[in-house]
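The structure appears below as structure tokens.
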């Protein structure tokens, strides 16, 4: 399923100035647009709201952080959810950065996504931000994955405001695998992050694009899910529904004849669901899948439901499949997949939002606390 593993510029100066006040637990309040403010990129007012981030202090970086990274503990608060802490690693190159790349891992999201990319990105003068949650970000006490996605969307907003300095002058990009890709997908479709993200590379999924079809495949009556020439009939049915049942507070995922109330819940909480925005004229998208036979899982077919809806800057989006050297969702163990992903990120992480009205407070707002240097 989607939870498989797999001299400083102004913006950097702002980041350091804010984050060095961590001892006082400053709360960074992200101002989102009200309904009467015109939305860029044609985004609708039905988009869900992000929350707030509190910077708790410096911590030792866990395994997988970029060599140049400094780590801090943060607390993410979203309406209706319990607060969730995470570790945020920020690696800053020398000179003026070419942009910022946010990396989100799969599984529960409790480890840093590395796969060999961060140090190369830093060497190419990109700021690299890695996120590791202290527990599964998608588990929100039955509130559902769409609501839980407020957490990674809030971190993206925070990183844009603080690390990126709220500036569209350089690229602001993302790379996620499995559950990390789902976090980016929810952020684009339901939290308005296409207003900020210039390029996103997604691997293995997102596996919750249509939870209703995954939980009850009999609901799907369309043609085979044609992911790519190497996999013209991709699987999308979940083999085990335990996690979905936990997240969605349902009982019958991956069992015969589920209750209509469960189906309604899965349908409403999927990435492809009512209220979603699929048009991203200033955000490019790429997908990367491992399709080695005997190691396939439902992330391949589930990913097609979002891919067929998305209209990114590079429409139709770029879909890349690899077979033989990789297994399951670990597409970046294939050297060709690794090299293509690397070249795509370095080429496409460029500013696509310059000159557009920003529907966010670019610097955020600092409330309370008088930290020391």
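All of the numbers you see were taken from the coordinates with simple rules; none came from a lab. Keep in mind that what you see is a predicted model, and the values were worked out from it rather than measured. Reconstructed Cβ throughout: ideal geometry from the backbone, glycine too, with neighbour counts over all protein chains shown.
Ordered by the count of other Cβ atoms within 10 Å of each Cβ, fewest first, 198, 85 give 85, 198. Residue exposure proxy: 108, 187, ordered by other Cβ atoms within 10 angstrom of their Cβ from fewest to most, comes out as 108, 187.
Neighbour counts of C-beta atoms inside 10 Å place 56, 356 in the sequence 356, 56, starting with the fewest. For region 10-366, DSSP calls about 50 percent of its internal beta bridges antiparallel. Relative contact order, whole percent, for region 192-317 stands at 40, derived from Cα pairs under 8 Å and 6 or more residues apart.
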